[in-house]
1. For segment 164-235, give the magnitude of the charge dipole about the Cα centre (Cβ charges: +1 Lys/Arg, -1 Asp/Glu; no others), in debye to the nearest 20.
2. How many nm separate the modelled label positions at Val222 and Asp131, each set 7 Å beyond the Cα in the direction of the Cβ?
3. Which distance in nm do the two modelled labels at Arg194 and Gln178 give, with both placed 7 Å along the Cα-to-Cβ direction?
4. Test of understanding: what is the full-extension gain from Arg60 to Cys233, defined as 0.36 nm times their sequence separation minus their Cα-Cα distance?
5. Nearest 5 is fine: what % of DSSP beta bridges in the chain come out antiparallel, could you say?
6. Just order 139-149, 125-135, 57-67 by mean Cβ neighbour count inside 10 Å, highest at the front, would you?
7. To the nearest 0.05, what FRET efficiency results for Asp91 and Ala254 with a Förster distance of 30 Å applied to their C-beta separation?
8. Out of (1) 40, 17, 16; (2) 27, 23, 17; (3) 36, 24, 15, which label holds the value of semi-axes √(5λ) of the Cα gyration tensor in Å that was computed here?
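Each reported figure results from applying straightforward, stated rules to the coordinates on display, with no laboratory input. Note that the coordinates shown come from a computational prediction; the quantities given were computed from them, not determined experimentally. Cβ coordinates were reconstructed from backbone atoms using ideal geometry, including for glycine residues, and neighbour counts include every protein chain displayed.
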Amino acid sequence: MTPHSTSPEMRPRASAGVLWRAYERLAMAIGLGTLALLCLAWLPFAALLYPVLPRVPAQRLGRSVITLAFRFYLAVLSLLCGCRFDLSALDALQRERSLIIAANHPSLLDAVVLVSRLPNAVCVMKASLLDNILFGAAARIARYVRNDGAAQLLRNGCQALAEGAQVVLFPEGSRTQQFPLDPLGRTLGVLAKRAHVPVQAVLLEYSTPYLGKRWPLWAPPVLPLVCTARLGCRFDPPSDHPAFTQALEQHLRAELTTPAP
């Protein structure tokens, strides 16, 4: 057999590998396309209703639509794209009010995963995303917290928490670069102290770092992609936010380096 020849037994394996890689690319196209279509479908309604509906019914409608859309999106990923999501632990939080959800941030899918199970969740979003034509209208009608800077984040976050919302905040500030966890900023602790609300730690874990900081948007996933959400400790409203931030970081880091039972 020459060095470049292929035995008959290996040819089916090679063909299967090519087909599987093609399926991974197709799954990526289906996933990204479905999310874009969902955003575009809601965009004109959100844009029209935002200036005319009163604040409370508007934000209730906006959050409900986003939660249902994200649940549908994850169902599509599970059915057609080789993804598996174990998010049942989040269901215990659905009825709770005035709570900060502090999660690690390994992937662009993190907010989708959390909001799909938390119908009264409010995400803290960069100003560029709230101004984005695809996401902005939906985020504004749901009254997501705009992050133009610490002062505005704290003001809007305190208001959302006073109204009973769950504020989803990724204390790393951006997607994780140095796994398992980047150093935490102190804004979350300051918000919890000012609003005097508890903080629930959530651990998000993926089988691969798909759509992480170092994973290009156009790079296909490695399937099957498995995502699991676990509840960590519940922290009381802090009085010393630097000490709280240190304790939260230690807890997240320890949990993320310990295999789940």
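1. Details: 8 positive and 3 negative charges, 47 e Å.
With only Lys, Arg, Asp and Glu charged at Cβ, the dipole is about 220 debye.
2. Output for this residue pair reads 3.8 nm.
3. Roughly 2.8 nm, to one decimal.
4. Contour length minus Cα-Cα distance gives 59.5 nm.
5. Working: 7 of 25 bridges.
About 30 percent, rounded to the nearest 5.
6. So the order, starting with the most tightly packed, is 139-149, 57-67, 125-135.
7. 0.75
8. (3)
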